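Here's the structure we're looking at; comments come further down.
Bear in mind that the values in this text are calculations on the coordinates, not laboratory data. As the structure is a prediction and not an experimental result, all values here were calculated from the model. Every residue, glycine among them, receives a Cβ derived from its backbone with ideal geometry; neighbour counts consider all protein chains shown.
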Amino acid sequence: MDAMQYCDKVNRQLVGFKAGVYDILLKMDGLTEAEKSVYTAPIKDLKGIIAELEAGLAALKNACPADWSPEKAAIDTQMEDLSATLLQLAAKIKVSVPDTTSWT
């Protein structure tokens, strides 16, 4: 798999993760302010991870280095962090989100 194919695959997975965050935000609309405050920090973390991933993918696509294994390793780690954080938050707020890590 070359860098462009990899970026396309991760972008597809990222779309699913963003949908999961959106579903959580919709569910939070029905919560009290006190309940919402519990989830503010994890949501901020998720948005930060997503922003970092988008920046990393854009940089990888633009640079397209011959050896992109360091970038791949960093992105894979961020995707794992995003998945774990999203699934934990979804379980707490009782929202079902897709596991996009198996999407190709």
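Listing for the model above:
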| item | result |
| --- | --- |
| Every residue from the range 1-14 that is of a type outside the set (Ser, Thr, Tyr) and either in contact (Cβ under 8 Å) with a residue 24 or more places away in the chain or under 17 Å from residue 91 (Cβ atoms) (or both) | 3, 4, 7, 9, 10, 11, 12, 13, 14 |
| Yes/no for residue 58 being part of a loop (DSSP other than H, G, I, E, B) and either surrounded by 15 or more Cβ atoms within 10 Å (Cβ to Cβ) or among the small types (Gly, Ala, Ser) (or both) | no |
| Selection count where residues are of a type in the set (Phe, Trp, Tyr) and surrounded by 13 or more Cβ atoms within 10 Å (Cβ to Cβ), scope the range 1-35 | 2 |
